[in-house]
Amino acid sequence: MRIVVLAGGIGGARFLRGLKQAVPDAEITVVGNTGDDIHLFGLKVCPDLDTVMYTLGGGIHEEQGWGREGETFAVKDELAAYGVGPEWFGLGDKDFATHIVRTQMLGAGYPLSAVTEALCARWQPGVRLLPMSDDRVETHVAIEVDGEQRAVHFQEYWVKLRASVDAKAVVAVGAETAAPAPGVLEAIAAADVILFPPSNPVVSVGTILAVPGIREAVAAAPAPVVGLSPIVGDAPVRGMADKVLAAVGVESTAAAVARHYGSGLLDGWLVDTVDAGSVAGVEAAGIACRAVPLMMTDVDATAAMARAALELAEEVRG
Ligand code: FO1
């Protein structure tokens with residue numbers, strides 16, 4: 001079975017671990033969000049690609065869901081000693097090696113997709129990890145501080161500001177001129193199932209869909225498209241989805257996110273059992289809906305979610 005997953009960072013990566021356990025023989029292609037990418041210290045950092053690679057490759061810092069386990073921060077401390085910032089982004093010594101290799105390969109002319117394939121050759125994540133695009137796309141967030149509007153990089157909004165101020169707008173800078181990375185459209189067209197994991201619907205899945213051609217390809221794909229709500233009980237399970245959903249005028253409910261994706265994209269939607277009351281409303285929007293436990297408390301629980309999504313995909317397969 002060929003499965004394509006449009007994944008962001010922590011939620012997407014954890015879901016993929018359960019999906020792999022649920023269908024170990026499936027051929028999984030991950031289209032990874034690169035809107036979170038940030039250039040620091042002359043290096044290109046790809047948080048969502050790295051979180052998928054480290055999580056599935058066994059190198060992730062489990063509690064954080066990002067960065068490497070057993071990290072040290074000697075380089076970060078030395079940079080700070082030189083007064084070279086930013087200090088708010090925690091890059092560890094092991095993680096630096098990934099960004100050095102990536103930046104070196106990009107500098108030698110390799111596209112991000114080739115670089116990602118090379119990095120994954122070491123980590124063996126057990127999925128094909130494709131960046132959504134080889135072109136630079138970076139999500140910025142418009143905020144208002146002391147009455148004046150300004151745009152900050154998504155990482156500054158999330159890591160430095162902890163999403164403590166309202167997001168007035170979210171812009172995937174460069175998306176409009178970006179092209180899908182090699183293999184992305186082909187994988188979507190050839191998929192037996194397409195899944196939207198419980199990633200951020202705006203800055204993760206939304207950014208991937210903002211790359212011209214990808215939304216259209218998903219909508220036109222013969223495969224059923226099934227999503228899992230990142231919102232449980234009117235709040236994001238993790239992260240700042242409520243803040244960026246508000247920026248695009250979407251309320252933080254499982255049903256609202258389904259409608260936000262729309263029946264043109266989604267054939268099925270899983271909500272958590274606490275949101276079972278919203279099933280009828282989602283179905284009324286033309287999207288098949290089931291209520292199942294959606295807390296990824298461990299890999300077995302996540303595998304059960306993945307199986308539920310695949311079962312719903314078979315039910316809605318036209
Ligand atoms: N998230 C934090 O909350 N604090 C950090 O210092 C931080 C550093 C960091 C370094 C590398 C990396 O790949 C991810 C990092 N993240 C950090 C997580 C990152 O902001 C998120 O993984 C995504 O961008 C959102 O999904």
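Quick notes on this structure:
- Qualifying residue in the stretch 53-65 (condition: in contact with a strand residue (DSSP E or B) (Cβ under 9 Å, 6 or more places away or on another chain) and of a type in the set (S, T, N, Q)): no
- Filter result for residue 139 (closer than 19 Å to residue 60 by Cα and in contact with a helix residue (DSSP H, G or I) (Cβ under 9 Å, 6 or more places away or on another chain)): no
- Taken over the stretch 161-174, the criterion of being within 16 Å of the ligand (Cβ to nearest atom), in contact with a helix residue (DSSP H, G or I) (Cβ under 8 Å, 6 or more places away or on another chain) and not β-branched (Val, Ile, Thr) is satisfied by 163, 167, 172.
- Check on residue 100, among the β-branched types (Val, Ile, Thr) and touching a His at 6+ places or on another chain (Cβ under 8 Å): no
- The C-beta contact set for the stretch 1-20 (first residue of a type in the set (Lys, Arg), second residue within 16 Å of the ligand (Cβ to nearest atom), distance under 6 angstrom, 6+ apart or interchain) comprises 14/296.
- Residue 318 vs. criteria surrounded by fewer than 24 Cβ atoms within 10 Å (Cβ to Cβ) and at positive phi: no
- Matching residues, the stretch 21-58, being small (Gly, Ala, Ser), on the phi < 0 side of the Ramachandran plot, part of a loop (DSSP other than H, G, I, E, B) and more than 18 Å from the chain's Cα centre (by Cα): 26
- Scanning the stretch 44-97 for residues that are surrounded by fewer than 12 Cβ atoms within 10 Å (Cβ to Cβ), hydrophobic (A, V, I, L, M, F, W, C) and either closer than 21 Å to residue 152 by Cβ or touching a residue at least 12 places away in the same chain (Cβ under 8 Å) (or both) turns up 74, 88.
- Considering (1) away from the ligand (no atom under 16 Å from the Cβ); (2) under 30 Å from residue 219 (Cα atoms); (3) assigned to a helix (DSSP H, G or I); (4) of a type in the set (A, V, I, L, M), the lone condition that residue 115 does not fulfil carries the number (1).
- Cβ-Cβ distances below 6 Å connect the following pairs, each with a first residue in the stretch 201-226 that is part of a strand (DSSP E or B), a second residue that is among the small types (Gly, Ala, Ser), and a separation of six or more residues or different chains: 226/268; 226/309; 226/313.
- Residues located in the stretch 1-20, provided they are away from the ligand (no atom under 16 Å from the Cβ) and either closer than 26 Å to residue 137 by Cβ or under 15 Å from the mean Cα position of the chain (by Cα) (or both): 2, 3, 4, 19
The numbers here are math on the coordinates, done by the rules we state, and not lab data. Remember, it's a predicted structure, so these values are computed and weren't measured experimentally. Here Cβ is always computed from backbone atoms with ideal geometry, including for glycine, and neighbour counts include all displayed protein chains.
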